[in-house]
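The structure appears right after this line, and notes come after that.
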Amino acid sequence: MGQKKPKVLMFGWEFPPFNSGGLGVACHGLTEALIQENVDITFVLPRKFGDPNMPEVKFVFADKNPVKIYSVDSMLQEYVTVTSYNNAIKFVKSTVYGSTLFEEVKRYAIQAKTIAMSEEFDIIHAHDWLSIPAGLIAKEATGKPLIVHIHATEFDRSGGQGVDQRVYDVEREGMEKADAVIAVSNLTKSILVTKYGIPESKIEVIHNGVNEIIGGNVDINLTALKEEYKLVLFVGRLTIQKGPDIFLKVAREVLAHYEKVIFIVAGSGDMKEQLINEAASLGISDRVIFTGFMRDESLRKLFSSADLFVMPSVSEPFGITALESLISGTPVLVSKQSGASEVVIHSLKTDYWDVNEMTNQIVSVLSNDSLQQTLKENGYMEVQGLRWTKSARKTKDVYKKVMNNSLE
């Protein structure tokens, strides 16, 4: 292959600023870093449809990097989870668009074929199950090699409450037919091997990264709060996978030992109303702030203002938010059931179900300024080596390997 510049047709489902979670953040960070590594990328993604306040899809870096942008009209509002697959689109009038998420995925894949046939590229890269059918059709239409990038499996999204067989079948078929599979952690690789029967030799573990972030503005008067309270932060989709209910249980226990604490829950999801009611029933509603979904400057301000970030995920393939917290100068407590725990050494770690130990760890940080400062400094230094550039270089190596194999 020599020094040929790889040309990649990349299929994704969301991309900032039109993202609802970590999948879009990962796609942005990796794509931007790959461009810096001299990889030519054409990124295909669905476009938000019917929102008068939303402009035509533009990548954040579209004007300064050689990325072509394709937008496939989509009625989808967010990267939905297992509980809302069949009701993802609530206001469909036209028969042109699918009435369920699965029909949308199928329609996206059909349009992807036309795009693939009109583009010049060496390799196909599909992110997660929503983009797998598009990747498979592109591979079938062009004969080009396919890489499937798994950011989360159906076992993660379901939180152990039972997988959707349809999603599982898409994931398994995609990985079986792919020329290579990228997993975001060893934890995810283990699931792919044991639950999907994918050979270990076919899977490359490439951890996610993080970019430097700067603070911004947020509606909450954080300065006033910090004068009187310590701030403990949760960021993530409000779904069973992320453990927001565990966060509230821990909050009640922490308040029994350390009174001057405010717990901030940043995110949206199917558990929102349940969590608000639970905070009230636990008697801590006056110490819990639900901010809703936050992004960009507002989210960065939350990270930099918090005294501790807690990620109590039941099953977390990686957890980019942990890195975002560390690079913002805020120490983290992550569940051992997360991919991030594999790469962040200078952090606190507990099992997601161990409410008592999680409580003890949080109280220790809040009551010990020296411990908090040590975790903050060491965590910040450590995360400097966990940049997207490192992830991109490993991904480019996978590209080269697959392209070489396709020529043999």
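FYI, it's all coordinate maths here, none of it is from the lab. Everything numeric in this text was worked out from a predicted model, so none of it was measured. A quick note on method: Cβ atoms are made from the backbone with ideal geometry, for glycine too, and the neighbour counts reach across all protein chains shown.
What the table below lists for this structure:
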quantity: Residue count for the range 345-366, restricted to those that are in contact (Cβ under 8 Å) with a residue 24 or more places away in the chain, closer than 17 Å to ARG252 by Cα and not aromatic (Phe, Trp, Tyr); calculated: 9
quantity: When residues of the range 351-378 are limited to those that are in contact with a helix residue (DSSP H, G or I) (Cβ under 8 Å, 6 or more places away or on another chain) and over 25 Å from LYS226 (Cβ atoms), the one surrounded by the most Cβ atoms within 10 Å (Cβ to Cβ); calculated: TYR352
